[in-house]
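Read through the structure below, which is laid out as structure tokens, and then see the notes.
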């Protein structure tokens, strides 16, 4: 039986921590009640489990439990935040500011809102993927309803100056929606000190189950529900609560709260070791966006090497990616890298390597060896054959 490839795509999803699985299992069999059932013990126990998880998730981001609304994932939470805010909009403002490097869930939702009469400013970024704060502030007008900028980029790991963005939003009395899907559980996130009003995030990025996410909503912000059919989640998100998934989300958040600092230090060391070895071993290689970033993410460019060809060649041994896992089956050059000024060819030579809780130093050593050998081989195959002289 062939061994599974070593996993280096933790930005796409993370395996469930065994401790998370253990917490979830009873809620599939013994404690299987519906949290909305108010007439018997099965429902009461399920509701208690959901509320405990709400407290665990809230604690991780320094929020109050009542400010957490559970969803099916970050994409739904982003849609709920932006569409719900736009539809509730008592001020009548119809301008949103975002950036060209946002996740497709934000960009596509903004494009949808443009069909409903909203205007959207898509900010440029520099070569490292950073938004210029003065350009952000200049883009704000009396019509601006919301700034929608992510906490950390899902392709390069770049961490935006979220506190400064929050201060700008507060100064101009506009809402700040911050997609923190890649950041929560990896680095400290404090919604209060950062003046964040709405923040989507997801369980499966922090060693919890797929199919469960959350939206933080600051007090007194009115969001119109996008799902109808009940009064679940304070009337904001109808639908039977996914009790096992929510319990797993809570347990994953609790583990991150305790272990995040030490894990971050260890992952930074592993990532830097890997990057330095690859840079030394692969001619012309470079890191795309090397400023302040998440501890586990590396986006690297290998000149002369087609990323699809490289990943296919490595597929039996290493699980890597070209970037976001949410761009569908049709592959295009990364919109993030293009916005950072890379050419389509350079973007086509780039891959994302993301490490995680279960990555070992031995696995990093194997990955460096295999990637170095294969990229050099592919580079040599691309070199023109020497001309014969007669």
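The mean sequence distance of close C-alpha pairs (under 8 Å, at least 6 residues apart), as a share of the length of region 19-255, puts its relative contact order at 29 percent. Compute the Cα gyration tensor for region 184-251, then decide on rounded, prolate or oblate, letting a ≥ b ≥ c be the square roots of its eigenvalues: rounded whenever a/c is under 1.5, prolate when a/b is larger than b/c in the other cases, and oblate in all that remain. Oblate shape, in that a/c is at least 1.5 and b/c is the bigger or equal ratio. For region 241-370, the relative contact order works out to 29 percent when only alpha carbon pairs closer than 8 Å and six or more residues apart are counted.
Seen against the Cα atoms of the chain and their longest principal axis, helix 41-60 is set at about 50 degrees. Between 0 and 90 degrees, the angle of helix 104-114 with respect to the longest Cα principal axis of the chain falls at about 60 degrees. Counting every other Cβ atom within 10 Å of each residue's Cβ, 151, 257 order from fewest to most as 257, 151. Restricting attention to the chain, close to 55% of DSSP beta bridges with both partner residues there are antiparallel.
Rounding to the nearest 10 and keeping the result within 0 to 90°, find how far the Cα-based axis of helix 243-281 lies from the longest principal axis of the chain. For helix 243-281, the angle is close to 20 degrees. When the Gaussian network model of the chain links Cα atoms closer than 10 Å, the mean-square fluctuations of 42, 70, 118 top out at 42. Taking the number of Cβ atoms within 10 Å of each Cβ as an exposure proxy, the fewest-first ranking of 349, 195 is 195, 349. Based on DSSP H segments of at least four residues, each scored -39500 (n - 2.57), the chain has a per-residue ellipticity at 222 nm of -12500 deg cm²/dmol. Each of 141, 285, 31, 202 was scored by other Cβ atoms within 10 Å of its Cβ. Arranged with the fewest first, they read 141, 31, 285, 202. Within the listed set 354, 37, 321, the residue fluctuating most in the Gaussian network model of the chain (springs between alpha-carbon atoms under 10 angstrom) is 37. Quick check on region 182-319: take the gyration tensor over C-alpha atoms, sort the square-rooted eigenvalues as a ≥ b ≥ c, and tell me if it's rounded (a/c under 1.5), prolate or oblate. Taking the square roots of the gyration eigenvalues as a ≥ b ≥ c, region 182-319 is prolate. What shape does the chain take by its C-alpha gyration tensor, where a ≥ b ≥ c are the square roots of the eigenvalues and a/c under 1.5 counts as rounded, a/b above b/c as prolate, and the rest as oblate? Cα axes put the chain in the oblate bin.
Laboratory data are not the source of any read-out in this text; all were calculated from the coordinates shown. Everything numeric in this text was worked out from a predicted model, so none of it was measured. No Cβ is skipped: glycine too gets one built from the backbone with ideal geometry, and neighbour counts run over all protein chains shown.
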